[in-house]
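Notes follow the structure.
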Amino acid sequence: MTNARILHGTELRYVLTMNLALHGKSTIPDLIEALEDQGFAIPGHASKVVSDALRWEMRKDRVRKMRRGLYCRGQMPRSTEDYIHKRYLALREEAAELTADSSEAFWDALFGPRG
């Protein structure tokens with residue numbers, strides 16, 4: 001994906017945590033696929049970066065490891081969950097705008113600007 005919203009650090013951890021909270025248990029490849037479907041990109045070796053981010057969230061007990069490579073939501077205060085959810089929605093909106101911009105540029109390149 002050319003115009004994907006790149007995630008790292010806190011943003012990546014929040015999106016992963018919220019995906020687990022909203023969609024239930026998931027494997028690392030499924031989480032990576034969900035991020036790509038939502039218009040996000042992960043720099044570097046994606047599975048390693050996601051695993052490291054989930055390990056951080058496990059220390060906070062917001063994510064729990066069920067077995068090797070399978071994670072589920074943990075516990076978090078409602079205020080924390082609300083804050084993470086708001087940030088997640090804002091990041092999704094940014095990704096959607098980038099995707100829409102790249103889609104529009106693609107069609108403009110093929111057929112010329114609309115107007």
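Points to keep in mind about this one:
- Checked against the criteria, ALA105 does not count as closer than 22 Å to ALA4 by Cα, in contact with a strand residue (DSSP E or B) (Cβ under 7 Å, 6 or more places away or on another chain) and either at pLDDT below 95 or of a type in the set (S, T, N, Q) (or both).
- TYR83 being assigned to a strand (DSSP E or B) and either over 15 Å from the mean Cα position of the chain (by Cα) or touching a residue at least 12 places away in the same chain (Cβ under 8 Å) (or both): no
- Some residue of region 72-80 being touching a residue at least 12 places away in the same chain (Cβ under 8 Å), part of a helix (DSSP H, G or I) and buried (at least 16 other Cβ atoms within 10 Å of the Cβ): no
The values are calculated or read from the model by the stated rules, or taken from the named source; none is laboratory data. All of these numbers come straight from a predicted model, not from anything done at the bench. As a convention, Cβ positions derive from the backbone with ideal geometry for all residues, glycine included, and neighbour counts pool all protein chains shown.
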